[in-house]
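Below: one structure, written as structure tokens.
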Amino acid sequence: MGQINRTYRFRPYEDLKNKSALFKHQFEEMGRLGYEMVMSIEKELASSLGRIVDESLKALLQNHKENESIINRYISQMDLVADRYSQNINDMKEQSITIYYEEVEISAPK
Amino acid sequence: MEKNEILNTDILRARIAELEYGKTEMISADLIRRIYIEETGKDIPAEITVYYSKDLNKTNDLGKDSGFDGTIIHFYNAEQGLNQSYTITRGSENGEDGGKGMPHDWIYNSFGIFVGKVQDQYLDARYFDKAISKKINEKVDADINNRKIKGEEVNKVELEKFGIGHSLGGNLIQMLQLMTGSYKNVYAINDAPPSAYQLASIDRKFRRSISRQFNINPDNDKELYSIPPSQLKVFAEKYYKEKGKNIHHLTAEEDMLFAVSGFRGFLNLGDRKIIDTDPGFEGIRPALGNISDKDLHNLQIYLAYLAPYYSENGMDGLLRGATGIDKGLFTLIDTVEQEWKVFMQGPDWRFPSINIKLGGFPFPQTSMDIPVPVPIPHMPKGLFIALGELNLRVLEIKTKLSNLTKNLPALFSILADTAIVMKDEIISYLKEIKGHLKNILKSIGNLGGVILKDVITPSDIRYKEYFVGLMKIAATIKFETANIKEKIRKIFEVPNGFAEDFSKAVEAHGVGHVASALAMKDGVRYEGNDMIRFKTESNGQKIEVNLSSAVRIYQLGMDKYSDKENVLTRMRDIYHREYIEDYQNRKNELLSSINHMESNPNAYRFLLPAGDVEMRGITVHESIRPLENSLTETFEDAFHYFNEEQKRGIAMLNKIRSSIEELFHEDKRISAIFDLR
């Protein structure tokens with residue numbers, strides 16, 4: 001009995017990198033909401049609200065600044081994540097197989 | 001006051017009246033609701049609809065902008081039987097369109113109220129009130145019918161109308177009440193009081209009563225203004241006592257309008273609450289106390305003469321009425337100059353025949369007319385018309401300025417009677433203005449009359465003399481009007497105590513100032529539409545918090561964090577769908593395919609080598625990597641971060657809220673103010 005070892009692609013190749021766009025949009029939305037809040041706070045801060053409130057708001061603004069850089073980092077990571085996922089899935093679709101067969105003798109006609 | 005009135009305190013009414021000016025943002029149901037919550041700590045128990053005068057296509061029969069602005073707020077709750085409207089007539093603005101336009105309001109204060117000659121703002125206010133009341137009634141009728149059709153047991157409650165007005169708005173709302181009696185209560189804040197002359201102009205019955213009482217012809221200004229003011233006041237206040245009984249005045253002792261409310265003609269109707277908004281300042285009333293009624297009377301007659309000019313053409317008309325000078329004059333001068341240039345470049349010549357009488361020597365007994373052609377430049381029609389117009393205008397200026405200079409002494413006298421510091425300097429500037437006016441009159445001299453006579457005789461050839469004469473006058477007018485503007489500017493720059501007192505009186509006039517004065521004892525003042533809470537700590541330190549702003553930030557912040565939470569939830573869902581579930585689905589599909597291959601190897605015969613071979617089986621050496629840790633960790637890390645950021649942000653907002661609540665712990669409304677919206 002003969003055998004052949006080879007790889008076999010069970011599903012065609014797919015580019016799944018565009019999954020990153022879905023997440024980028026959500027991160028951007030998160031950033032936009034924070035930005036809108038900061039703009040409103042800064043507008044209100046232009047006229048003094050009183051020491052107690054001002055201090056808390058400044059902390060809130062600082063919080064947002066950190067938030068912004070973290071959001072940007074996540075946005076850039078999304079491409080990498082989607083890239084690796086796409087690679088992972090396409091690799092998975094190809095598997096090693098062994099095919100077993102027998103040669104058949106064909107009798108000559110009488 | 002009605003027990004169930006929605007706007008049931010002076011502060012609430014003053015704040016809503018301030019809101020109507022739209023200084024920071026346009027009055028809206030949301031703003032009204034916020035102010036109500038700030039003042040009462042409760043939500044408003046009604047649906048709110050706001051109607052704006054600017055939304056009415058047609059404000060009066062004249063179709064002109066009178067300067068009137070107003071708002072009607074309708075509070076409606078069918079279940080609770082609440083159906084109330086508040087007509088708010090806006091007070092004086094320095095100029096229309098946010099100060100950029102004409103100062104119609106202040107002109108109306110003079111011509112409409114003091115003199116009683118202009119009615120346009122009152123007419124617009126009446127039209128607006130009537131039109132919107134009709135609209136509200138139709139809306140409520142439709143709602144009640146709909147509810148009845150649905151089987152609800154509701155009965156229509158008649159619309160209860162209330163009025164609020166500040167400054168000029170206070171005058172308009174009182175006039176509406178006196179003329180229509182349609183309000184349950186009218187609240188006039190630092191109002192310009194109605195005047196007997198204004199009422200005589202609008203109310204025919206009252207005018208007839210004056211005529212009978214004082215035996216005068218009320219259509220004759222001189223006779224009307226000659227009635228002793230004290231007698232007219234007593235008569236008018238008695239006449240309108242019943243109609244004015246529901247007018248409630250709220251007046252700052254230092255208010256500038258209150259200072260002049262003792263002048264001739266002004267009436268005091270209804271009740272009045274006077275508040276001392278600045279204990280260190282007694283107002284400008286003492287400074288104006290010595291002004292003689294005779295001078296006011298003269299001023300009134302002069303203003304009555306000017307009123308029709310304003311009614312006809314607004315500010316331009318007023319200037320034309322007082323001086324004969326307006327923008328059109330300068331355009332006319334430019335036209336004459338242009339036409340003259342064209343003419344000088346090369347006139348068309350005509351040769352009319354002039355009969356020359358021949359006779360005498362050497363034939364004394366005979367004479368005859370001989371036609372002789374004489375070259376005369378043909379005066380272009382445009383130049384001829386423009387010169388004629390300019391000449392007529394010069395004559396008009398002469399008449400108007402003569403009248404104005406005659407009336408200036410009354411103004412000097414009024415000023416001299418006041419206790420204004422530096423008044424002598426102001427008077428000296430006014431005298432200089434009078435000098436400039438006289439220079440214009442002097443330049444006109446008798447030329448105008450001479451030219452008028454000659455210009456209408458086109459065959460006369462002294463056109464150059466006329467042109468030069470008129471243009472000299474025009475140049476003098478231009479030069480002297482510039483001088484007059486400069487002197488007026490200097491008057492306003494004169495440093496004097498009165499200016500300071502006057503600015504205090506102006507400040508006290510503001511409706512926000514009144515609201516702050518009323519709320520001061522409760523540790524509250526107002527800036528624009530915002531409520532400022534303050535208190536003095538035991539160590540003497542004063543702490544102030546803009547409560548309105550803090551609430552806005554708190555509510556907006558909470559809204560944003562709620563939105564962020566939604567985004568986070570959505571992001572988690574997408575992560576699960578796009579990666580976790582997607583991976584699992586793909587893995588299952590692959591396993592299913594592997595299983596199919598191993599179970600049905602003959603279906604994959606195409607994989608066999610060429611030749612006579614038979615499939616015996618296929619083994620898949622499956623190697624399926626799990627989802628990468630780096631992927632799941634990235635997302636879990638992000639979700640954790642946003643979760644924590646959310647908690648931190650909300651904690652900070654709550655800290656703002658709790659520190660304010662603690663600071664003003666005695667006021668239980670504050671908590672509700674943060675919660676309600």
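The values are calculated or read from the model by the stated rules, or taken from the named source; none is laboratory data. Small disclaimer: the values here were computed from a predicted structure and weren't measured. FYI the Cβ positions are ideal-geometry reconstructions off the backbone, even for glycines, and counts take in every protein chain you see.
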request  = Could you tell me whether B:ARG577 is within 60 Å of the chain's Cα centre (by Cα), among the basic types (Lys, Arg) and either farther than 23 Å from A:THR7 by Cα or facing chain A (nearest Cβ under 8 Å) (or both)?
outcome  = yes
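Residues B:ILE532, B:ILE574, B:ILE553: which one is without any contact (Cβ under 8 Å) to a residue 40 or more places away in the chain and crowded, with 19+ Cβ neighbours inside 10 Å?
B:ILE532
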inquiry  = Quick test of your reading of the structure: A:GLU68 fulfils all but one of (1) under 16 Å from B:TYR554 (Cα atoms); (2) more than 7 Å from chain B (Cβ to nearest Cβ). Name the failing condition by number.
reply    = (1)
query = Out of segment B:229-242, which residues are outside any helix (DSSP H, G or I) and surrounded by fewer than 17 Cβ atoms within 10 Å (Cβ to Cβ)?
reply = B:LYS241, B:GLU242
task = Residue by residue through segment A:1-49, note down the ones that are exposed (fewer than 11 other Cβ atoms within 10 Å of the Cβ), over 22 Å from the mean Cα position of the chain (by Cα) and not in a helix (DSSP H, G or I).
result = A:MET1, A:ASN5, A:ARG6, A:THR7, A:ARG9, A:ALA46
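Given the options B:ASP271, B:ASP316, B:ASP276, name the one that is of a type in the set (D, E, K, R) and modelled with pLDDT under 85.
After ruling out the rest, the residue left standing is B:ASP316.
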request  = Confirm whether B:LEU608 is within 7 Å of chain A (Cβ to nearest Cβ), of a type in the set (A, V, I, L, M) and more than 60 Å from the chain's Cα centre (by Cα).
outcome  = yes
ask   = Is it fair to say A:ILE97 is touching a residue at least 12 places away in the same chain (Cβ under 8 Å), among the aliphatic types (A, V, I, L, M), assigned to a strand (DSSP E or B) and at the interface with chain B (Cβ under 7 Å from one of its Cβ atoms)?
value = yes
ask   = Among all residue pairs at least 6 apart or on different chains, which show Cβ distances below 8 Å where the first residue, located in segment A:10-32, is within 8 Å of chain B (Cβ to nearest Cβ) and without any contact (Cβ under 8 Å) to a residue 40 or more places away in the chain and the second is assigned to a helix (DSSP H, G or I) and surrounded by fewer than 17 Cβ atoms within 10 Å (Cβ to Cβ)?
value = A:LEU22/B:ILE574; A:GLN26/B:ARG570; A:GLN26/B:ILE574
key: Which listed residue, of B:ASP675, B:ASP667, B:ASP637, is more than 7 Å from chain A (Cβ to nearest Cβ) and touching a strand residue (DSSP E or B) at 6+ places or on another chain (Cβ under 9 Å)   = B:ASP667
key: Single residue of B:ILE144, B:ILE189 found to be outside any loop (DSSP other than H, G, I, E, B), of a type in the set (Val, Ile, Thr) and either buried (at least 24 other Cβ atoms within 10 Å of the Cβ) or under 30 Å from the mean Cα position of the chain (by Cα) (or both)   = B:ILE189
First in segment B:614-629 and facing chain A (nearest Cβ under 7 Å), second anywhere and in a loop (DSSP other than H, G, I, E, B) and of a type in the set (Phe, Trp, Tyr), Cβ under 9 Å, 6 or more apart = B:VAL620/A:PHE10
task = Can you confirm whether segment B:630-643 contains a residue that is farther than 30 Å from A:LYS17 by Cβ, without any contact (Cβ under 8 Å) to a residue 12 or more places away in the chain and surrounded by fewer than 18 Cβ atoms within 10 Å (Cβ to Cβ)?
result = no
note = B:SER562: passes all of (1) small (Gly, Ala, Ser); (2) modelled with pLDDT under 85; (3) surrounded by fewer than 17 Cβ atoms within 10 Å (Cβ to Cβ) but (2)
